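To keep things clear, I will list the structure first and then write my remarks on it.
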Amino acid sequence: MDSRAKEPSLADPHVGLCRSCRHMRQIQNTRESTFYLCRRSEKDPAYARYPRLPVIKCPGFEQDPELSRK
């Protein structure tokens, strides 16, 4: 069995904007479930810590500059 998680693509409709947001941190638990933590929630309670997916509209969205270089 392959223990590496399969990364969703940037176009994954189940993740939405979070997948390419600079404030997203991907969390994988021991059961290999993947969650998307919004780091904006650490300073602003208006943002959900783990938003319901897919996120299709977010006022705090900022494109991750690392993804645009690939």
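Where a number appears in this text, it was derived from the coordinates with a stated rule and is not lab data. Note that this is a predicted model, so its numbers are computed, not measured. Ideal geometry is used to build each Cβ from the backbone, glycine not excepted, and the neighbour counts take in all protein chains shown.
Observations, loosely collected:
- Pair PHE61, GLU42: separation of 7 Å Cα→Cβ label points (nm): 2.3 nm
- ³J(HN,Hα), Karplus 6.51/-1.76/1.60, whole Hz, each residue of segment 31-45, x for Gly, Pro: 8, 6, 7, 10, 10, 10, 8, 8, 6, 5, 5, 5, 10, 10, x
- Amide H within-cut-off set for HIS23, under 5 Å, with H built and near neighbours excluded: GLU62
- Loop trypsin sites (Lys or Arg not before Pro), segment 12-56 (other Cβ atoms within 10 Å of the site Cβ: 10 or fewer; DSSP): ARG31, LYS43, ARG52
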